[in-house]
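First up is the structure itself, then whatever we jot down about it.
The values are calculated or read from the model by the stated rules, or taken from the named source; none is laboratory data. Keep in mind it's a predicted model, so treat the numbers as computed, not measured. Note: ideal-geometry Cβ built from the backbone for every residue, glycine included; neighbour counts use all protein chains shown.
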Amino acid sequence: MIDVILPVLDEAGAIPSVLGTLPAGFRPIVVDNGSTDGSASIAREHGALVVVEPLRGFGAACWAGLNAATADVICFMDCDGSFSGDDLPRVASRLVEGDADLVLGARSASRSWPIHARFANTVLAWELRRRTGIRLHDLGPMRAARRVDLLDLGLRDRRFGWPLEMVLRAHAEGWRIGEVPVAYAPRIGRSKVTGTVTGTAQAVRDMTRLLR
């Protein structure tokens, strides 16, 4: 069994279809981060374990899900319909087979990815390669690692810097970090983070602070 942590903030329209893409053997843990649209109830109705995290922030939701998980291998994935659970076995397989300690899903540069978010991600990935030598092309939210190892990293960021902090700390600990290509589709509903210029700017500020 592999646990899949899905941070949620008002994703009622996407939850049923996203959960429907998870393959057998992947247990959904939906972390409700302050939804007002009934997301938590819908997730429960579709068989997910639901965790409520009142502290707002992407990192806060991911951390709450990680602490609620019990499986050896953990995956993270957005729950807005932009990612499909069909890609999770490929992301997790390199970890399970012993080829890597942290695996990220590298999104294709499709029109589904807003140009401002794609540009910001490209710049951050380039800066990460320049400073650390880690050859990643995407700092996206679909990823896999082992639960105990992640807990031992002592991640502290509770905002948008969480994905980058995970990579930086993993690199500092000598983890083998890899990536595999994954599909990226238009999200369902209104974007609250990288789909907006303001949200992307906030994510960039949080990640830039970590790089410093």
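Overview of values
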{"item": "Criterion: of a type in the set (Gly, Ala, Ser) and at positive phi - qualifying residue of Gly20, Gly13, Gly47", "result": "Gly47"}
{"item": "Positions within segment 1-28 being small (Gly, Ala, Ser) and either part of a loop (DSSP other than H, G, I, E, B) or touching a Lys or Arg at 6+ places or on another chain (Cβ under 8 Å) (or both), in sequence order", "result": "Ala12, Gly13, Ala14, Ala24, Gly25"}
{"item": "In segment 62-84, residue surrounded by the fewest Cβ atoms within 10 Å (Cβ to Cβ) [restricted to those that are out of contact with any helix residue (DSSP H, G or I) (no Cβ under 7 Å at 6 or more places or on another chain) and not in a loop (DSSP other than H, G, I, E, B)]", "result": "Asn67"}
{"item": "Condition check for Arg147: of a type in the set (Lys, Arg) and closer than 14 Å to Val4 by Cα", "result": "yes"}
{"item": "Any hit, segment 135-143, residues being outside any loop (DSSP other than H, G, I, E, B), of a type outside the set (D, E, K, R) and either in contact with a strand residue (DSSP E or B) (Cβ under 6 Å, 6 or more places away or on another chain) or crowded, with 19+ Cβ neighbours inside 10 Å (or both)", "result": "no"}
{"item": "Residue in segment 99-117 that is under 19 Å from Pro163 (Cβ atoms), hydrophobic (A, V, I, L, M, F, W, C), assigned to a helix (DSSP H, G or I) and at pLDDT below 95 present", "result": "yes"}
{"item": "Residue match in segment 147-164 (condition: assigned to a helix (DSSP H, G or I), touching a helix residue (DSSP H, G or I) at 6+ places or on another chain (Cβ under 9 Å), modelled with pLDDT of 95 or more and buried (at least 20 other Cβ atoms within 10 Å of the Cβ))", "result": "yes"}
{"item": "Pairs, first of a type in the set (Asp, Glu) in segment 119-138, second outside any loop (DSSP other than H, G, I, E, B) and surrounded by 13 or more Cβ atoms within 10 Å (Cβ to Cβ), C-beta under 8 Å, six or more apart", "result": "Glu127/Leu211; Asp138/Leu104; Asp138/Gly105; Asp138/Ala106; Asp138/Arg107; Asp138/Asn121; Asp138/Ala125; Asp138/Glu179"}
{"item": "Residues located in segment 29-61, provided they are among the small types (Gly, Ala, Ser), more than 20 Å from Ser17 (Cβ to Cβ) and assigned to a loop (DSSP other than H, G, I, E, B)", "result": "Gly34, Gly57"}
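To keep it simple, each residue is scored yes or no on (1) small (Gly, Ala, Ser); (2) modelled with pLDDT of 65 or more.
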{"residue": "Met166", "(1), (2)": "no, yes"}
{"residue": "Trp175", "(1), (2)": "no, yes"}
{"residue": "Tyr184", "(1), (2)": "no, yes"}
{"residue": "Ser191", "(1), (2)": "yes, no"}
{"residue": "Val197", "(1), (2)": "no, no"}
